[in-house]
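Undergrad: First the structure, which I've put down as structure tokens, then a few questions once you've had a look.
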Amino acid sequence: MIPFSPPYIDEDVINEVLDSLNSGWITTGPKVKALEKEVAGFTGVENVLCVNSATSAMMLMLHWFGVGSGDEVIIPAYTYCATALAVMHLGAVPVMADCDENFCIDVTKLKKLINEKTKAVVPVDIGGYPCDYDEINNIVSSSEVTALFRPANEVQSKLGRIFVMSDSAHSIGAFYKGKKSGSLCDVSVFSFHAVKNVTTAEGGAICLDLPAPFDNSEIYSWLRLLSLNGQTKDAFTKSKGGNWKYDIVYPGFKINLNDLCAAVGLAQIRKYSDDLLIRRKEIFGKYNSFFSEFDWAQMPPFQNSGRESSYHIYLLRINGISEEQRDSIIDQINARGVAVNVHFIPLPMLKIFRERNYDISNFPVSYDNYSRVITLPVYPQLSDNDIETVIKAVKESYEAVILS
Ligand SMILES: Cc1ncc(COP(=O)(O)O)c(C=O)c1O
């Protein structure tokens, strides 16, 4: 069986973890700091805070902005549940927008959803393909939209507009008009979950790129404290002799990343742009050159109008099929020894959202994308032979279901 997304574990990863184990320090400490520095160097965003997941990172940032009960946050209907749950856990309401045919939030729908309750927009770079950030940033900064903004605290007054937080869970390494994912809006959140391009088993990174007069390094320090129960000194600092006294200055969260996990990501990110990401791109290229031969195959977005994907997953859509036919094709592919997936079931189709009266019929593009998509594996360990096997399995399965 070709697995869908095994983590990339080589000697360097193992050695980095062993280094942490042998150092006598395994929770938040030098490895997390080093990973934050690597992500900062990679994205060009100076202030990066690592935490234990993208979900908690998004909750932390929405909390920092003061999002709460009575507020609305615009998210795409086509995303993983975490985008919405982060909003709901703060007591705010996720307002969903349909996606476009790139799987990105449809920016032409955005303005109509904004009202006096709107506090944030969370674009999601599905599959690693960046949303149209210029357009999103322009909309929230336009005088028509800022006139609707009702700041409820000092931070909101300082920004003076809707907060743009990218759910960049998939898009580390992506580009938008010459800029890297992480630097495309106020705050971007990467996921380092086990299936992501760079992983720490579980983890996430917050890239702080707030405009002046915000001081991103000051915000970094404050958020770091918030991620550690609101404690003025982390355990590493306190472990140094004579440094035991601390205070709790804010009812914070406990969402810090630990050094053992950070070590995995540290070894990976060091070879990401020159090695791992390049192989991902090659795999995409191989899939593209095969599927472009067939009318029934619609390739995923990967490079267009200044945008370039991080090549996280290959979102193949099959033209002219129903959801049931898609499911049958997946069964056939699995039977041929290849694990594939579907990213994502649109949120309005899931129980908790159906119960809250979200209705998939209001999101026709999301449904169309979902009903025809089959996610093919992309990871550096896939050999050329494996890719051949995947391609053959998809073609045969399509023919078995549709042409038989
Ligand atoms: C689009 C998207 N957003 C957010 C998340 C949540 O990431 P994490 O598991 O690090 O909390 C995921 C995870 O799969 C995701 O796919």
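Undergrad: Where residues in region 97-127 are out of contact with any Cys (no Cβ under 8 Å at 6 or more places or on another chain), within 16 Å of the ligand (Cβ to nearest atom) and of a type in the set (A, V, I, L, M, F, W, C), which of them is nearest to Pro348 (Cα to Cα)?
TA: Ala97
Undergrad: If we scan region 137-146, do we find a residue that is in a loop (DSSP other than H, G, I, E, B) and in contact (Cβ under 8 Å) with a residue 24 or more places away in the chain? Spell out the reasoning first.
TA: Kept after step one, since they are in a loop (DSSP other than H, G, I, E, B), are these residues of region 137-146: 142.
Those left that are additionally in contact (Cβ under 8 Å) with a residue 24 or more places away in the chain: none.
No - not one qualifying residue is present in region 137-146.
Undergrad: Still on this structure: Of all residues in region 177-216, which are in a loop (DSSP other than H, G, I, E, B) and of a type in the set (D, E, K, R)? Reasoning before the result, please.
TA: Initial filter on region 177-216 (in a loop (DSSP other than H, G, I, E, B)): 177-178, 181-186, 192-203, 209-215.
Correct list: Lys177, Asp186, Lys196, Glu202, Asp209, Asp215.
Undergrad: So Gly173 passes all but one of these: (1) assigned to a loop (DSSP other than H, G, I, E, B); (2) away from the ligand (no atom under 16 Å from the Cβ); (3) not polar (S, T, N, Q). Which condition number does it fail?
TA: Checking Gly173 against (1) assigned to a loop (DSSP other than H, G, I, E, B); (2) away from the ligand (no atom under 16 Å from the Cβ); (3) not polar (S, T, N, Q), the one that fails is (2).
Undergrad: I'd like to know if region 359-377 contains one or more residues that are of a type in the set (Phe, Trp, Tyr) and touching a strand residue (DSSP E or B) at 6+ places or on another chain (Cβ under 8 Å).
TA: So in region 359-377, the residues of a type in the set (Phe, Trp, Tyr) come out as 363, 367, 370.
Among the residues that remain, those that are also touching a strand residue (DSSP E or B) at 6+ places or on another chain (Cβ under 8 Å) are: 363.
Yes: one or more hits.
Undergrad: Take Asn304 and decide whether it is under 21 Å from the mean Cα position of the chain (by Cα) and under 27 Å from Ser168 (Cα atoms).
TA: Considered against the rule, which asks whether it is under 21 Å from the mean Cα position of the chain (by Cα) and under 27 Å from Ser168 (Cα atoms), Asn304 comes out as yes.
Undergrad: Counting only residues that are of a type in the set (A, V, I, L, M, F, W, C), surrounded by 14 or more Cβ atoms within 10 Å (Cβ to Cβ) and part of a helix (DSSP H, G or I), how many does region 316-365 have? Spell out the reasoning first.
TA: Our first condition is that a residue be of a type in the set (A, V, I, L, M, F, W, C); within region 316-365, this holds for 316, 318, 321, 329-330, 333, 335, 338-340, 342, 344-345, 347, 349-350, 352-353, 360, 363, 365.
Narrowing the set further to residues that are surrounded by 14 or more Cβ atoms within 10 Å (Cβ to Cβ) leaves 316, 318, 321, 329-330, 333, 338-340, 342, 344-345, 347, 349-350, 353, 360, 363, 365.
From what's left, part of a helix (DSSP H, G or I): 329-330, 333, 347, 349, 353, 360, 365.
Here the count works out to 8.
Undergrad: Residues that are among the small types (Gly, Ala, Ser) and over 30 Å from Ile374 (Cα atoms): which helices (runs of 4 or more DSSP H) entirely in region 217-301 hold 1 or more of them? Step through it out loud before you land on a result.
TA: On the way: elements: 235-239, 259-269, 277-291.
Per the criteria, 235-239, 259-269.
Undergrad: Within region 192-211, can you find the residues that are surrounded by 24 or more Cβ atoms within 10 Å (Cβ to Cβ) and within 11 Å of the ligand (Cβ to nearest atom)?
TA: Phe192, Lys196, Thr200, Gly203, Gly204, Ala205
Undergrad: While we're here: So how many residues does region 39-72 have that are more than 16 Å from the ligand (Cβ to nearest atom) and under 14 Å from the mean Cα position of the chain (by Cα)?
TA: Qualifying residue count for the region: 0.
Undergrad: So, in region 86-95, of the ones that are surrounded by 18 or more Cβ atoms within 10 Å (Cβ to Cβ) and within 14 Å of the ligand (Cβ to nearest atom), which residue ends up farthest from the chain's Cα centre (by Cα)?
TA: Pro94
Undergrad: I would also like to ask the following. Residue pairs, Cβ under 6 Å, 6 or more apart or interchain, first in region 30-48 and of a type outside the set (A, V, I, L, M), second loosely packed, with under 15 Cβ neighbours inside 10 Å. List them.
TA: Between residues of region 30-48 that are of a type outside the set (A, V, I, L, M) and residues that are loosely packed, with under 15 Cβ neighbours inside 10 Å, the close pairs are Asn47/Ser217.
Undergrad: Any residue at all in region 383-401 that's within 19 Å of Asn102 (Cα to Cα), modelled with pLDDT of 95 or more and touching a helix residue (DSSP H, G or I) at 6+ places or on another chain (Cβ under 9 Å)? Reasoning before the result, please.
TA: From region 383-401, those within 19 Å of Asn102 (Cα to Cα) are none; that's our starting set.
No, that holds for no residue.
Undergrad: Looking at region 279-293, is at least one residue surrounded by 16 or more Cβ atoms within 10 Å (Cβ to Cβ), under 27 Å from Lys31 (Cβ atoms) and not assigned by TED's automatic domain parsing to the domain that holds Leu49?
TA: Looking for residues that are surrounded by 16 or more Cβ atoms within 10 Å (Cβ to Cβ), under 27 Å from Lys31 (Cβ atoms) and not assigned by TED's automatic domain parsing to the domain that holds Leu49, one finds at least one in region 279-293, hence yes.
Undergrad: Can you give me the number of residues within region 22-38 that are surrounded by fewer than 23 Cβ atoms within 10 Å (Cβ to Cβ) and within 15 Å of the ligand (Cβ to nearest atom)?
TA: Qualifying residue count for the region: 0.
Undergrad: Same structure, new question: Please state which one of Asp19, Asp98, Asp71, Asp12 is touching a Phe, Trp or Tyr at 6+ places or on another chain (Cβ under 6 Å), in contact (Cβ under 8 Å) with a residue 24 or more places away in the chain and either surrounded by fewer than 20 Cβ atoms within 10 Å (Cβ to Cβ) or not small (Gly, Ala, Ser) (or both).
TA: Asp98 is the lone residue from the list that is touching a Phe, Trp or Tyr at 6+ places or on another chain (Cβ under 6 Å), in contact (Cβ under 8 Å) with a residue 24 or more places away in the chain and either surrounded by fewer than 20 Cβ atoms within 10 Å (Cβ to Cβ) or not small (Gly, Ala, Ser) (or both).
Undergrad: Can you say whether Thr83 is buried (at least 22 other Cβ atoms within 10 Å of the Cβ), out of contact with any helix residue (DSSP H, G or I) (no Cβ under 8 Å at 6 or more places or on another chain) and either within 26 Å of Ser217 (Cα to Cα) or of a type in the set (Phe, Trp, Tyr) (or both), as far as the supplied structure shows?
TA: When the stated conditions are applied, Thr83 does not pass them.
The values are calculated or read from the model by the stated rules, or taken from the named source; none is laboratory data. Note that the structure is a prediction, hence the values are computed from the model and not measured. Heads up, the Cβs are rebuilt from the backbone with ideal geometry, glycines too, and the neighbour counts pull from every protein chain shown.
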